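The values are calculated or read from the model by the stated rules, or taken from the named source; none is laboratory data. Please read all numbers here as calculations on a predicted model, not as lab measurements. Note that we place each Cβ from the backbone using ideal geometry, even for glycine, and neighbour counts take in every protein chain shown.
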Amino acid sequence: MFMKVAFIGQKGIPAKSGGVDIHVENLAVFLAKKNQEVIVYNRFGYLTEKTKEWQGIKLVSLPYINHKNLAAITHGFLATIHAMISRVDVIHFHGIGPSLLAWLPRLFTPRIKVVSTLHSFDYGNDKWGRFAKFMLRLGEGTMCRFAHQVIVLTPVMHDYLLQRYGRESIIIPNGAHIPENIGSDQLAALGLEPGKYILSLSRIIRLKGIQYLIEAVNNLPDSDLKLAIVGDGEYLPELKKLAANNPRIIFTGNQSGDTLHQLYANAKLFVQSSEMEGLSIALLEAMTHGLPCLASDIIANQEATAETAVYFKSKNVADLQEKLVALITDSAKLKSLGASAKRRAQENFDWGIISDKIIDVYKTSPEPVLAEDSLSY
């Protein structure tokens, strides 16, 4: 069944960073391969070149107000209007912020199916003020009230929406995939050698818990093992102060494409130190690359890796350091973890299967059954 699908909520693709952008990129690519017409709305200036098509996906660049609290909603509003005028079959909102707009197509273009994906509970991020957090919670409620279908990434998210809003949702996890023939030729420019670094990859915000990882690495016994911190964000200056010019800690900034895949493929260990997550694409991609994983023991990480990872107590530097030392000195354990993680990723997080499930959601979007008084903020 051919459909015209619009994605709203991402900064843009090809993705430079960010879980939502990576999710949208992968999903859009796989839908295009399955002969669906896909429109992805980029923020104006996201790409340096005026690219209108990429890998069979139509890219539409629209303006926005460049302010922390207004960028996503202003871009999303213009994208929603454009999608409605373009007579798409499906509008797929990504995130609770953009889902504030789900009522627009329901009211003015009722033939368009509206789908929203809950990627994370964004209001838990300290960077948002009180009003922004209120609006994000309002977006969560609007998503539950107006979307024909709500997709969540984990069983915990499903249970939360059911208990708080009385809203049923469909559990479809994030996916991951890797290209063939990954080398290591781009590592030297970053000051890294294959098998001689620990990898951390995320948006650089406090909730990612990288401060605990840096402290643990600062206290590790002398070795030539480095820590590569990949990503960018507002918390980066604080992390650099904490690293105190430790030559073993390397900040690479955002990476993508071949360089990113080489970072995954050649690391000794991947560490996911987050205090809060949705379903981390970085963690799933590490698993897909066969990379052994050490993760904080939050529920979201355990839902991703199950028994294929080693866990440390979230925010506990001493426990993290102890687990790090035990793992980096046990090559047999690392090999076993990497192999089991890759098997789990291939069985549960394959984008080919996931994209088929999402197409099924697009085909069958019943009206939500939701009591008027169930919307409380």
Give the residues of region 232-249 that are under 17 Å from residue 208 (Cα atoms) and of a type outside the set (Lys, Arg), sorted by residue number.
232, 233, 234, 235, 236, 237, 238, 239, 242, 243, 249
In region 11-28, anything at pLDDT 95 or above and touching a helix residue (DSSP H, G or I) at 6+ places or on another chain (Cβ under 9 Å) is listed as 27
Within region 154-162, is there a residue that is part of a helix (DSSP H, G or I), free of Cβ contacts under 8 Å to residues at least 40 places away in the same chain, of a type outside the set (Asp, Glu) and in contact with a strand residue (DSSP E or B) (Cβ under 6 Å, 6 or more places away or on another chain)?
yes
Looking at region 1-46, which of its residues are part of a loop (DSSP other than H, G, I, E, B) and either more than 21 Å from the chain's Cα centre (by Cα) or more than 18 Å from residue 76 (Cβ to Cβ) (or both)?
1, 2, 3, 14, 16, 17, 34, 35, 36, 44, 45
Considering (1) under 19 Å from residue 330 (Cα atoms); (2) touching a residue at least 60 places away in the same chain (Cβ under 8 Å); (3) touching a helix residue (DSSP H, G or I) at 6+ places or on another chain (Cβ under 9 Å), say which one residue 195 fails and leave the rest.
(3)
Within the group 46, 41, which residue is over 20 Å from residue 173 (Cα atoms) and at pLDDT below 95?
46
Just checking, does region 298-307 include any residue being on the phi > 0 side of the Ramachandran plot and either in contact (Cβ under 8 Å) with a residue 12 or more places away in the chain or outside any helix (DSSP H, G or I) (or both)?
yes
Would you mind stating whether residue 311 is outside any helix (DSSP H, G or I), out of contact with any Gly (no Cβ under 8 Å at 6 or more places or on another chain) and not small (Gly, Ala, Ser)?
yes
Taking residue 114 as meeting all but one of (1) crowded, with 24+ Cβ neighbours inside 10 Å; (2) under 20 Å from the mean Cα position of the chain (by Cα), write down the number of the exception.
(2)
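Table: residues versus (1) in the same structural domain as residue 133 (by TED's automatic domain parsing); (2) in contact with a Cys (Cβ under 9 Å, 6 or more places away or on another chain); (3) of a type outside the set (Ser, Thr, Tyr); (4) within 19 Å of residue 43 (Cβ to Cβ).
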| site | (1), (2), (3), (4) |
| --- | --- |
| 70 | yes, no, yes, yes |
| 77 | yes, no, yes, yes |
| 95 | yes, no, yes, yes |
| 109 | yes, no, no, no |
| 113 | yes, no, yes, no |
Residues in region 123-153 that are without any contact (Cβ under 8 Å) to a residue 12 or more places away in the chain and touching a Phe, Trp or Tyr at 6+ places or on another chain (Cβ under 6 Å) total 1
I need a count of the residues in region 30-68 that are of a type in the set (Val, Ile, Thr) and touching a residue at least 60 places away in the same chain (Cβ under 8 Å).
0
When every residue in region 80-103 that is touching a residue at least 12 places away in the same chain (Cβ under 8 Å) and more than 26 Å from the chain's Cα centre (by Cα) is compared, the one farthest from residue 61 (Cα to Cα) is 87
When residue 201 is evaluated against the numbered criteria (1) more than 19 Å from residue 282 (Cα to Cα); (2) buried (at least 19 other Cβ atoms within 10 Å of the Cβ), which criterion, by number, is the only one it fails?
(1)
Any residue that is part of a strand (DSSP E or B), at pLDDT 95 or above and among the small types (Gly, Ala, Ser) - is there at least one of those in region 115-132?
yes
Determine which member of the set 77, 108 is touching a helix residue (DSSP H, G or I) at 6+ places or on another chain (Cβ under 8 Å), modelled with pLDDT of 95 or more and surrounded by fewer than 17 Cβ atoms within 10 Å (Cβ to Cβ).
108
What residue, of 100, 70, is modelled with pLDDT under 95, of a type in the set (A, V, I, L, M) and more than 27 Å from residue 176 (Cα to Cα)?
70
